[in-house]
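The values are calculated or read from the model by the stated rules, or taken from the named source; none is laboratory data. All of these numbers come straight from a predicted model, not from anything done at the bench. No Cβ is skipped: glycine too gets one built from the backbone with ideal geometry, and neighbour counts run over all protein chains shown. With ligands, DNA and RNA removed, areas are computed over all heavy atoms of the protein, side chains included. Shrake-Rupley method; radii C 1.70, N 1.55, O 1.52, S 1.80 Å.
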Amino acid sequence: MLEINNLHKSFDKKEILHGVSLNVKDGEIFGFIGQNGAGKTTTIKSAVGILDFEEGTILINGINIKEHPLDAKKITAYLPDNPDLYENLSGIQYLNFIADVFEISSEQREARISEYGKELGIYDNLGDQIKSLSHGMKQKVAIISAFMHDPKLLVLDEPFVGLDPIASHTMKEKLRELCDKGGSVFFSSHVLEVVENLCDEIAILKFGSVILNGKTADLLAQSGTSLEELFLERAE
């Protein structure tokens with residue numbers, strides 16, 4: 001679903017990513033971990049077409065993000081760690097705006113807003129202006145917007161920050177449901193326990209290079225440790 005091959009990215013002539021290669025398969029939840037400054041967000045922003053890069057290729061469901069960016073973005077949803085929402089809109093106005101962008105029918109948008117809104121516990125607050133909502137409630141609006149067009153690839157940067165336990169549990173269920181339908185999830189998180197329990201495959205990034213990549217169960221079985229211990233051993 002997502003193929004990153006030999007990705008190189010520089011800022012001010014300093015190379016940040018040194019040939020990053022990853023393969024997120026159909027139906028897979030892929031965890032991407034590393035210390036602050038390792039290059040995770042740079043990789044993610046390159047993958048979704050926000051940042052240009054000097055070398056390498058990125059394919060989303062076989063579509064080259066550089067050559068056909070709109071086609072790739074139509075089947076992708078990206079949720080950054082601190083989503084910028086139009087805060088003078090109400091939650092429902094914002095979600096309808098997103099639905100308009102992706103040309104979602106009235107019937108589909110109403111069903112999805114109702115389903116996700118109720119399950120995340122924000123449905124009754126969607127008429128409120130976004131600027132009046134708490135950080136966690138804003139995060140829920142952003143999550144609904146990411147699921148609105150039923151993406152094939154969902155890319156998330158610290159998606160569980162600010163969520164209450166019920167919403168966090170619902171989010172995990174929805175990620176698995178998306179993958180059960182053939183979609184894929186690529187996400188970064190510092191909450192290693194969540195990554196260990198949720199992800200089918202993981203990769204550790206250190207100073208812009210992938211130092212470990214494989215099936216979660218296989219890596220933990222080989223090391224005989226938890227993901228936290230494995231990460232501390234490899235990333236320091």
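Step by step: first the residues of segment 115-140, then only those that are part of a helix (DSSP H, G or I), of a type in the set (G, A, S) and over 18 Å from I98 (Cα atoms), then the one that is least open to solvent (accessible area, probe 1.4 Å). Which residue is that?
First pass over segment 115-140, keeping only residues part of a helix (DSSP H, G or I): 115-120, 123-125, 130-132, 135-140.
Now narrow it down to the ones that are of a type in the set (G, A, S): 117, 132, 136.
If we keep only those that are over 18 Å from I98 (Cα atoms) as well, we get 132, 136.
Details: S132: 81, G136: 13 Å².
Taking the candidates together, the pick is G136.
Looking only at segment 82-106, which residues are in a loop (DSSP other than H, G, I, E, B) and either surrounded by fewer than 15 Cβ atoms within 10 Å (Cβ to Cβ) or small (G, A, S) (or both)? Explain how you work it out, then say what you get.
In the first step, residues of segment 82-106 are kept if they are in a loop (DSSP other than H, G, I, E, B); the result is 82-89, 102-105.
N82, D84, Y86, E87, N88, E103, S105 - these are the residues of segment 82-106 that are in a loop (DSSP other than H, G, I, E, B) and either surrounded by fewer than 15 Cβ atoms within 10 Å (Cβ to Cβ) or small (G, A, S) (or both).
Would you check if E55 is in contact (Cβ under 8 Å) with a residue 40 or more places away in the chain, among the charged types (D, E, K, R) and over 18 Å from A146 (Cα atoms)?
On the way: in contact (Cβ under 8 Å) with a residue 40 or more places away in the chain: yes; among the charged types (D, E, K, R): yes; over 18 Å from A146 (Cα atoms): yes.
Here the answer is yes, as E55 does meet what is asked.
Strands (runs of 3 or more DSSP E) wholly in segment 141-232 with at least 3 residues that are crowded, with 19+ Cβ neighbours inside 10 Å - which ones? Outline the logic, then answer.
On the way: elements: 153-157, 184-188, 201-206, 209-215.
Hits in segment 141-232: 153-157, 184-188, 201-206.
Would you please name the residue that is farthest from S188 (Cα to Cα), looking only at residues in segment 43-81 that are of a type in the set (S, T, N, Q) and surrounded by 22 or more Cβ atoms within 10 Å (Cβ to Cβ)? Please lay out each step first, then the result.
Here is the first cut: in segment 43-81, the residues of a type in the set (S, T, N, Q) are 43, 46, 57, 61, 64, 76.
With surrounded by 22 or more Cβ atoms within 10 Å (Cβ to Cβ) added as a condition, the list becomes 43, 46, 76.
Numbers: T43: 10, S46: 14, T76: 16 Å.
The qualifying residue farthest from S188 (Cα to Cα) is T76.
Which pairs turn up if I take residues in segment 63-84 that are modelled with pLDDT under 95 and look for partners that are of a type in the set (S, T, N, Q) and crowded, with 16+ Cβ neighbours inside 10 Å with beta carbon separation below 9 Å, at least 6 apart in sequence or on another chain?
L79/Q139; L79/S145; P80/T41; D81/T41; D81/S188; P83/Q139; P83/S145
Using beta carbons and a limit of 7 Å, which pairs, at least six apart or on different chains, have the first residue in segment 130-143 and touching a residue at least 24 places away in the same chain (Cβ under 8 Å) and closer than 12 Å to D84 by Cα and the second one part of a helix (DSSP H, G or I) and among the basic types (K, R)?
I130/K138
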